[in-house]
Amino acid sequence: MMPEATQLKPLGPVHTDVRHVQTSLDTLWDESQIETRAFTGNIIALTTSRHLKRVQDTLSGLEGRYAGRQIVGVMDGNDLIGVQVSLVPQKGLYVERVVLNANPEQLQGAILPLLRPATINHVWWASDDPPEGALLRELTDLADQVIADSLTLDLKPSDHYALADLGWSRSAGWREALAQIFDSPDAAAQLGHIGNLRITHAGEDNLAARLFAGWIACTLGWPDLTAVTFGAGTCERENGDLCRIEMLGEGVRFALETEGKEMCLIHAEFGQIDRQTEVVIPRMSLSEGLARVMSHPERAPVFEAAWKLAHGSLKAQA
């Protein structure tokens, strides 16, 4: 009988080597006394020791249905590959986790044999540093989805894999809320009068804000982001998340701003109209953002058009 979800406890980590990863995992599965295993895909997270705990915590927040095997490559190791395997409980299931500590060249040869065949491969670049060498390039050749801070890495959308950006994913609630303002025909009629956009974001990271601005600019038919102003603000959101959006034109103002942790105020002012409403835009954790992009890929043309304008604005700023 399968234990209740509340009874599942982490098993491991067990130190092993690349050749004996499967044997070590099989031993842990025998210890778990669970027959059913989740063969739902692979997620390869490439990171550094500085971010390892955050990455592991984020992966622990996923559900087993997204990826039954988690491979974490810690890229600032040495020539000696350190390997740990464990079974991690997730929503009443166990998923397999393999942590490899080595340099990128060693990881390049170590990760490929560990991928479960005939399943979806998600590659997550969970590092602040841009990739060097062939590791990421080799993994993208076999990836179904690449998850990354695409503007920092200058990682362009590709026909070979689905590109997902966590900053873009975490702004989904804002895009939905802003679009709802213009469900009203009289508000939609004002779109042509909007000539400026102001975006305030939490902390100094404005990359998610640039992607959001790219989406608005594409919708309004703007050729670039020269009419957009970005600014760092203070709100109860994570670094890089949006705090306030203000769309302005002559006699026209549409605004969406946070009030507290999840509540946002909507302002629609044009002509004799002055509407104020409230909407909930939940904060999205890193685990929730990762789960979203793995289970609900965004429409590629919309993201790619926003990415192109956001990328162009960074090049113009350089």
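The values are calculated or read from the model by the stated rules, or taken from the named source; none is laboratory data. Quick caveat, the model's predicted, so the values are computed rather than measured. Because the Cβ atoms are built from the backbone with ideal geometry, glycine has one as well, and the counts that use them run over all protein chains shown. The area values use the complete protein model at the heavy-atom level, side chains included, leaving out ligands, DNA and RNA. Shrake-Rupley method; radii C 1.70, N 1.55, O 1.52, S 1.80 Å.
Annotations
- Multiplying each eigenvalue of the alpha-carbon gyration tensor of the chain by 5 and taking the square root yields semi-axes of 42, 22, 15 Å, largest first, rounded to whole angstroms.
- Region 123-151 residues near the modelled residue 105 label - backbone nitrogen below 17 Å, point 7 Å along Cα→Cβ: 132-138
- Over region 179-318, relative contact order from alpha-carbon pairs under 8 Å, at least 6 apart, %: 25
- Sites residue 118 and residue 250, calculated FRET efficiency, Cβ-Cβ separation with R0 51 Å, nearest 0.05: 0.30
- Fraction of alpha-carbon pairs over 17 Å apart in region 1-119 - percent: 53
- For residue 156, the lysines whose Cα comes closer than 30 Å to its Cα, not counting residues fewer than 8 places off in the same chain, are 53, 308, 315.
- Spatially, region 162-183 and region 38-52 are offset by 25 Å when compared through their Cα centroids.
- Heavy-atom accessible area for residue 284, with the other protein chains in place and a 1.4 Å probe, reaches approximately 40 Å².
- Cut-off 17 Å (backbone N to label point 7 Å along Cα→Cβ of residue 277), residues of region 180-217: 180-191
- Those aspartates and glutamates that a straight Cα-Cα span of less than 12 Å connects to residue 91, excepting residues fewer than 8 apart in one chain: 4, 63
- Listed peptides 89-97, 111-119 appear in the order 89-97, 111-119 once ranked by packing, highest mean of other Cβ atoms within 10 Å at the front.
- Summing charges over neighbours of residue 114, with a neighbour being any other residue whose Cβ is under 13 Å away from its Cβ, gives +2 when K and R count +1 and D and E count -1.
- Based on C-alpha pairs under 8 angstrom that are at least 6 apart in sequence, the chain has a relative contact order of 14 percent.
- Label-point separation in nm, residue 160 to residue 129, each point 7 Å along Cα→Cβ: 2.3
- Taking a Cβ cut-off of under 9 Å around residue 201, the surrounding Lys, Arg, Asp and Glu residues balance to a net charge of -1, with basic ones at +1 and acidic ones at -1.
- Accessible area in the full protein assembly, largest first, 1.4 Å probe, for 219, 152: 219, 152
- From the C-alpha gyration tensor of region 102-183, square roots of 5λ in Å: 30, 15, 10
- Inter-part distance where region 210-230 and region 236-312 are each reduced to a Cα centre, Å: 13
- The chain, helix-only ellipticity at 222 nm - DSSP H runs n ≥ 4, -39,500 (n - 2.57), divided by all residues, nearest 500: -9000 deg cm²/dmol
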